[in-house]
Amino acid sequence: MCSIIGYYGKETAAPIIVKGLKRMEYRGYDSVGVATESNNQIGLKKGIGKVEEVNAKVHLEGLPGKIGIGHTRWATHGKVTDANAHPHPSTSGKIAIVHNGIIDNFQELKNDLEKEGYQFKSDTDSEVIANLLQRNLENVKNIKETIIKTVSELKGHYSFVAMFENGQLAAVRFHEPLIIGVGKNEFFLSSDVLGFIEYTDDAIYLDNRNFVIIDDDKMQILDFEGNSVKIEITKVSKEFADAYKGDYAHFTLKEIYEQNETILRSGEKTLDAIEKTADYIKHAKNIFVTGSGTSYNSALIAKQILSKYAKIKVEPIISSELQFSPDSIEPNSILIAISQSGESADVLEAVNIAKQKNCKIISIVNLLTSSLARESDVVIGMNCGPEIGVAATKSFTSQLGILYRIVEKLSNGSFTVDFKEISNSISKILENPYKIQQIAKDIKDISDIYVLGRGIHYPVAIEAALKLKELTYIHAEGIPGGELKHGPLALMDSNVFVIIINPNDATYSDMLTSAREIKARGAKIIGISDQESDVYDYWIEIPKTNESTYLISEIIPIQLLSYYAALEKETDPDYPRNLAKSVTVK
Ligand code: F6R
């Protein structure tokens, strides 16, 4: 989603803001802008493109002043244009805002404001915030009351930072993340700690319905009713500052290559929480597991492995669907919410629904300071470090690592996992990417790929298809192998590639039969297996292991294939078009 940032301090604001925006660019990256205050005047520069491109074009860093705001955009309302890029000034130019989220009633507000003579230059929902602030400030003459009045008029989910021409800053949080970084004689306002971690590790996580006013070198936090809120400073893990590519060409590649290590660390710092989770599950009547995208695919795996190895039934629910069938969750159940960011609006909404039904919330989350973590009764940390590449890679395998650990606890010793062995398998696959690079060249111009898996491997097929879609823009679909003859076989011809996930376990011979049926229709077969077969046009070897741990070995080559095919297609694997890392709007 969009990232917002504000700076108030003793240093020149614009270069600090540009640096912060670069670090947070993974959240949204179609346009960028900065506004600063200097001598009681607001200067503003913005444009479409990545931070580096726009900075090279308009020299964002050159804006003068020690107070400023900045934004990278992920378009929701209005196309990707210079005019729609943030910051947005109010009609008078005396206020500028940056916004993350969605204002549901922006059209009504805009109509009213236009009737009163306020002007709009963009198609965004965000611009109404700037003009509402101007109108309310003209009426009430003080910033606190202005904010209270403005938030009472806004509907939707939002966080925004507003800068006033006299150098005051205000920032509001309503269901979208907003964090204050507290430095020495300086303050940062940001959607993500990455926006300021280089300067300070003292952070205040604003609660929902809170806002902050920074003025005269002081900060005041208030709630939407105007009451003062106690300030609580949290130390942020410096680990999250470590968001550099190092020697890798892309974050995505770095994160794929980290997995032999991150799998060992999955859940490691929160083993007590895993224990507690197992205990909750043991005594629960109903267990649901939810997530979005890749995290939902982990939820599908949770269902498979909990039922297979621990004889426990759990029901996976796509987070964004729960609002349409809230009764599918019984009161007093357990909801396991899986989310890398802990900020996905759909997941938070699902949690909210479950909480209204008095459910216990267990979260499996990478960012322990996220909104999801703070809403949960038990928090299990993935512990895989910052994931910057938009496509989830190491967070997926860490989620599986944690699910394995939970199943281990629940299986009365019948299910054990050798994490060292999994780590070695990952290393082995990663050691030799050359064959995968060759296959990437061969798939680059095709329009359809199907990925087949059966049993516990079917959710991996779905995850594989998601990676291929996101990174290569090739249409990809995960199909349960046995369903082939019930329809998808009609799609098979010589223009199609099919990936067969085929470890040598109970699914092996049926999958081989499916592969032969497909091959007979002319499609090219990529077999992912520990066993070679003449049916494969390409064989990607994975080490022999046991049934459950194959899951992790299977996804690694497909992550790599997606990455290398993206390079072949000359798309940016870290920033796939139209996507954003942390989807904080519904
Ligand atoms: C896929 C991907 C997305 C996320 C989804 C949920 O590669 O990155 O599908 O998995 O947006 O994000 P989190 O896990 O942060 O809730």
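The values are calculated or read from the model by the stated rules, or taken from the named source; none is laboratory data. For clarity, every value in this text was computed on a predicted model and none was experimentally measured. Cβ atoms come from the backbone with ideal geometry, glycine included; neighbour counts cover every protein chain shown. SASA here: full protein model, heavy atoms, side chains in, ligands and nucleic acids out. Shrake-Rupley method; radii C 1.70, N 1.55, O 1.52, S 1.80 Å.
With the structure loaded, tell me whether ILE317 is open to solvent by 10 Å² or more (accessible area, probe 1.4 Å), more than 16 Å from the ligand (Cβ to nearest atom), over 20 Å from ARG454 (Cβ atoms) and among the hydrophobic types (A, V, I, L, M, F, W, C) or whether it fails that test. Criteria not met by ILE317. Considering LYS485, LYS586, LYS519, the condition of being at pLDDT 95 or above, open to solvent by 30 Å² or more (accessible area, probe 1.4 Å) and either over 19 Å from ILE429 (Cβ atoms) or not polar (S, T, N, Q) (or both) is satisfied by LYS519 alone. Out of everything in the range 357-386 that is of a type in the set (Lys, Arg) and not in a loop (DSSP other than H, G, I, E, B), what residue ends up being farthest from ASP346 (Cα to Cα)? Ranking the qualifying residues of the range 357-386, first place goes to LYS360.
Within the set ASN139, ASN166, the sole residue that is open to solvent by 30 Å² or more (accessible area, probe 1.4 Å) and outside any helix (DSSP H, G or I) turns out to be ASN166. The residue that is nearest to ASN358 (Cα to Cα), counting only those in the range 370-422 that are among the hydroxyl-bearing types (Ser, Thr, Tyr) and either in the same structural domain as LEU561 (by TED's automatic domain parsing) or modelled with pLDDT under 95 (or both), is SER371.
Only one of the numbered conditions (1) within 13 Å of the ligand (Cβ to nearest atom); (2) part of a loop (DSSP other than H, G, I, E, B) is not met by SER395, and that is (2). The numbered conditions (1) over 29 Å from the mean Cα position of the chain (by Cα); (2) open to solvent by less than 10 Å² (accessible area, probe 1.4 Å); (3) not polar (S, T, N, Q) are all true for ALA490 except (2). Just to verify a result, which residue in the range 533-567, among those that are charged (D, E, K, R) and at pLDDT below 95, is farthest from the ligand (Cβ to nearest atom)? By that ranking, first place goes to LYS544.
When the range 14-64 is filtered for residues that are within 15 Å of ASP574 (Cβ to Cβ) and either of a type in the set (Ser, Thr, Tyr) or not assigned by TED's automatic domain parsing to the domain that holds PHE188 (or both), the ones remaining, listed by number, are TYR26, TYR29. Part of a strand (DSSP E or B) and over 23 Å from GLU37 (Cβ atoms): is that true of HIS157 in this structure? Yes: the conditions hold for HIS157.
Contact annotation: residue pairs with Cβ atoms under 7 Å, 6 or more positions apart or on different chains, pairing a residue in the range 130-144 that is under 15 Å from ALA170 (Cβ atoms) and in contact (Cβ under 8 Å) with a residue 24 or more places away in the chain with a partner that is assigned to a helix (DSSP H, G or I) and hydroxyl-bearing (Ser, Thr, Tyr), are LEU133/THR146; LEU133/THR150; LEU137/THR146. Of the residues making up the range 332-347, just one is more than 9 Å from the ligand (Cβ to nearest atom) and open to solvent by 20 Å² or more (accessible area, probe 1.4 Å), namely ASN332.
Conditions (1) within 14 Å of the ligand (Cβ to nearest atom); (2) more than 17 Å from GLY527 (Cα to Cα), marked per residue:
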position	(1), (2)
ASN366	yes, yes
SER370	yes, yes
ARG374	no, yes
ILE388	yes, yes
GLY413	no, yes
ASN424	no, yes
GLY453	no, no
ILE462	yes, no
GLU477	no, no
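For the range 347-370, give me each residue that is of a type outside the set (Val, Ile, Thr), in contact with a strand residue (DSSP E or B) (Cβ under 8 Å, 6 or more places away or on another chain) and more than 23 Å from GLN259 (Cα to Cα). Once the filter is applied, which keeps residues that are of a type outside the set (Val, Ile, Thr), in contact with a strand residue (DSSP E or B) (Cβ under 8 Å, 6 or more places away or on another chain) and more than 23 Å from GLN259 (Cα to Cα), the range 347-370 yields LEU348, ALA350, ALA354, LYS355, CYS359, LYS360. Taking (1) surrounded by fewer than 19 Cβ atoms within 10 Å (Cβ to Cβ); (2) closer than 16 Å to ILE305 by Cα in turn, ILE406 satisfies each apart from (1).
Selection within the range 295-314: residues that are in contact (Cβ under 8 Å) with a residue 40 or more places away in the chain and within 16 Å of the ligand (Cβ to nearest atom). The member of this set that is nearest to LYS581 (Cα to Cα) is SER295.
Name every residue in the range 311-325 that is more than 15 Å from GLY291 (Cα to Cα) and within 26 Å of the chain's Cα centre (by Cα), in order of residue number. If the condition is that a residue be more than 15 Å from GLY291 (Cα to Cα) and within 26 Å of the chain's Cα centre (by Cα), then PHE324, SER325 are the ones that fit. Determine whether the range 467-478 contains at least one residue that is more than 17 Å from ILE436 (Cα to Cα), touching a Phe, Trp or Tyr at 6+ places or on another chain (Cβ under 6 Å) and in contact (Cβ under 8 Å) with a residue 24 or more places away in the chain. Yes: the range 467-478 contains one or more residues that are more than 17 Å from ILE436 (Cα to Cα), touching a Phe, Trp or Tyr at 6+ places or on another chain (Cβ under 6 Å) and in contact (Cβ under 8 Å) with a residue 24 or more places away in the chain. The residues of the range 415-437 that are part of a helix (DSSP H, G or I), touching a residue at least 40 places away in the same chain (Cβ under 8 Å) and within 19 Å of LEU561 (Cα to Cα), listed by number, are SER425, ILE426, SER427, LYS428, ILE429, LEU430, LYS435, ILE436, GLN437. For the range 242-292, residues that are open to solvent by 40 Å² or more (accessible area, probe 1.4 Å) and among the hydrophobic types (A, V, I, L, M, F, W, C) total 3.
When the criteria are applied in full, ILE233 meets the requirement of being open to solvent by 30 Å² or more (accessible area, probe 1.4 Å) and out of contact with any Phe, Trp or Tyr (no Cβ under 9 Å at 6 or more places or on another chain).
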